[in-house]
Every structure is written in C-alpha cells, then in structure tokens.
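Q: Next up is a structure, given as structure tokens.
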Amino acid sequence: MGTPKKAARTARRSDAFRVVARIGFVVIGLVHIMIGALAVSIASGGGGDADQDGAMQQIRSTPVGGLILGAIAVALIALAVWQILTAFIATGKDDARRWGQRIKLLGIAAAYLVIAGLALIFAFGGTAESEKTSQTFSAVVLSAPGGVVALIVVGLAVIAVGAGFFIGGFTRGFEKTMDLPSGPARVPFVALGVAGYLAKGIAVGVTGLLFVVAAWTHDPDKAAGLDAALRSLADLPFGRLILWLVGAGLVVYGLFSIVRARYARM
C-alpha cells in the first residue's frame, strides 16, 4: 500500500491538478446558485425544474452552452478524483473512523461524478431527467425481494446525509476543511457556510423522505428527486415562504462553495 499511497500524495501535490479541482468547487457553487434561483422562481409562481438537470438546461441554452458544460464536466471529474485520492490516503485514530471518512469522501466523489455525467449528456445534445431516474430506480428496488425495506434504507441514508449537512451548519464543522481568514473577515464566510449547509440539509433530507414515502406507499412515482422535494415544501403551511427561504439558502450554499474554491485545504 505504501507505493500507491505515495503516488496518490504526489498527484494531490500537483499545482495544475489542484487548480482544476478548485474550479470544481466553483462549478458546484454555480449549479447550486441556479437550482436555488429556480426554487425561488417556483416559490414566486414561476416555472422550471429546480434540480441539476434544470440547471444544465439553463446552461445549454446559452450561445456557448456546450463548451461550458464540457468545462464543467472536466472540473467536476478532477474534483471527484481529488476526493477519491483523499479517501485513499485517509488516516484516523482507528479503523472505524478511517473507513467512515473514506466512505464519506467516496460518496461525495460519486455525487460529483453524477453531475459531471449530466453535464456531458447535455453538452452532446442529450437530455436526462433526474425525476424519472429516481422513479425508475425506486420501481426497480421495489420490484426486488425485500424492496420496500431496501428503499426505506436508501431513503434513510439520504436523510442521514441531509442531517449531516444540517448538523454541519449548526456545529460549523465545515471550518475544519478550510483555511479561513482570521478577524472580522472570517464572519461573513462562516455565515455563508452556516446558512448554506442548513438549506442544503433540508433539501437533501426532504429528497430522502420522498424515497421513504415511495416505499411506504408502494408508489415509485413519489420518489421524484430534488425538484419534487423542493416543490413538496410549498404544500406545507407557509410553504411558499419556506420554499423561498430554502431556495435562497441554496443560492447562499452556492456562494459558499465558490468561496471554498479559494480557502479549501487542498
């Protein structure tokens, strides 16, 4: 293991690689800003899909959308590789902590690769709907033996990810991954992180809840992805206000991600 780990550390020290990976944080930020803006639009009575493919459609509609989407894919793949390399050389006081960190980093990398894949699909003129993908996935799981339990486990796992973001906002755990400036300049960056993580946690948690509802009702159509999760908030008392606040929070999370490109420890 020594030689592969040494190779991983060498790759992570590449200045060019780190620059491209940092651009990946900017890309993630821009995607979240677009999703948040679409959510605010929905809360205000407008239309659009407040999810990753909705953001990709918006980008592709620009004159150089294909080129931008290609660049987005490259940056996200680099950021995903960075997370994988970090997972590979992860350390900890015990095996459980080390493997927990690795699973977390690999999960983040997988999410980046999914968005990169979407970007490539749209860059080459294709289309993809996360709503149908989630529904198809739920239908396949439900049709398998023990599918109801399995889909509930998937939903609870997604809810746990959302809870992780929410708790991370309250505890400001994200500060451990960044070299933020000291003094008064630190305050606005921390505020962006807290508000963004709370909103991200709500959005992801509600998405997971829809998987649980789909399993409980044996209706895969209930698991319709992030856009449906955000729209479901509008059905709550004061729902449009809640959706507006969550959408604004996702915009803030996007801004925080852009800041992270400068201050992330890499």
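Q: In the structure displayed, which of LYS104/LYS176; LYS104/LYS222; LYS132/LYS200 lie more than 18 Å apart, Cα to Cα?
A: LYS104/LYS222; LYS132/LYS200
Q: Before rounding to the nearest 500, sum -39500 (n - 2.57) across all DSSP H runs of length at least 4 in the chain and divide by the residue total; then give [θ] at 222 nm in deg cm²/dmol.
A: When only DSSP H runs of four or more count, the value is -27000 deg cm²/dmol.
Q: Dipole magnitude of the chain about its Cα centre, charges +1 at Lys/Arg Cβ and -1 at Asp/Glu Cβ only, in debye to the nearest 20?
A: The dipole magnitude comes to about 1380 debye.
Q: Let me ask something else about it. Which three semi-axes in whole Å describe the equivalent ellipsoid of region 114-266, each the square root of 5 times a Cα gyration tensor eigenvalue, listed largest first?
A: They are 31, 18, 15 Å, listed largest first.
Q: So what J values fall out for region 74-87 if you push phi through Karplus, 6.51 cos²θ - 1.76 cosθ + 1.60 with θ = phi - 60°, rounded to Hz, Gly and Pro as x?
A: 4, 5, 6, 5, 4, 5, 5, 4, 4, 5, 5, 4, 5, 5
Q: By count of other Cβ within 10 Å, fewest leading, how are VAL190, VAL27 ordered?
A: If I rank by nearby Cβ atoms, fewest first, I get VAL190, VAL27.
Q: I want the local charge near PHE189. Using Cβ-Cβ distances under 15 Å, sum +1 for each Lys or Arg and -1 for each Asp or Glu among the other residues.
A: Local charge sum for PHE189: +4.
Q: Go ahead and set up a Gaussian network model of the chain, Cα springs under 10 Å, then flag whichever of ALA128, ALA228, ALA185 fluctuates most.
A: ALA185
Q: Right, another one. Using only alpha carbon positions, build the gyration tensor of region 201-262, then give the equivalent ellipsoid semi-axes as the square roots of 5 times its eigenvalues, largest first, whole angstrom.
A: Result for region 201-262: semi-axes of 26, 15, 7 Å.
Q: Now for a different question. Please rank ARG22, ARG240, fewest neighbouring Cβ atoms within 10 Å first, as an exposure proxy.
A: Going from least to most buried by this count: ARG240, ARG22.
Q: Find out how many positive minus negative residues lie around THR177, taking Lys and Arg as positive, Asp and Glu as negative, among other residues whose Cβ is under 12 Å from that of THR177.
A: +3
Q: Turning to a different aspect of this structure: Where does each of PHE17, PHE122 land when they are ranked from fewest to most other beta-carbon atoms within 10 angstrom?
A: Arranged by neighbour count, lowest to highest, PHE17, PHE122 become PHE17, PHE122.
Q: Calculate one ³J(HN,Hα) per residue across region 259-265 by plugging θ = phi - 60° into the Karplus curve 6.51 cos²θ - 1.76 cosθ + 1.60, and present them in order as whole Hz with x for glycine and proline.
A: 4, 4, 4, 7, 10, 5, 7
Q: Please list the non-local residues whose amide H lies under 5 Å from the amide H of MET178, H modeled 1.01 Å from N, same-chain partners needing a gap of 5 or more.
A: ARG265
Q: Can you match Kirkwood radius over Cα pairs in Å to one of these, (i) 18.5; (ii) 21.9; (iii) 19.3, based on a calculation from the structure here?
A: Step by step, Kirkwood radius over Cα pairs in Å for this structure corresponds to label (iii).
Only the coordinates and a few stated rules stand behind these numbers; no lab work does. All figures in this text were calculated on a predicted structure; none of them were measured in a lab. Cβ sites come from the backbone with ideal geometry, for glycine too, and all protein chains shown count toward neighbours.
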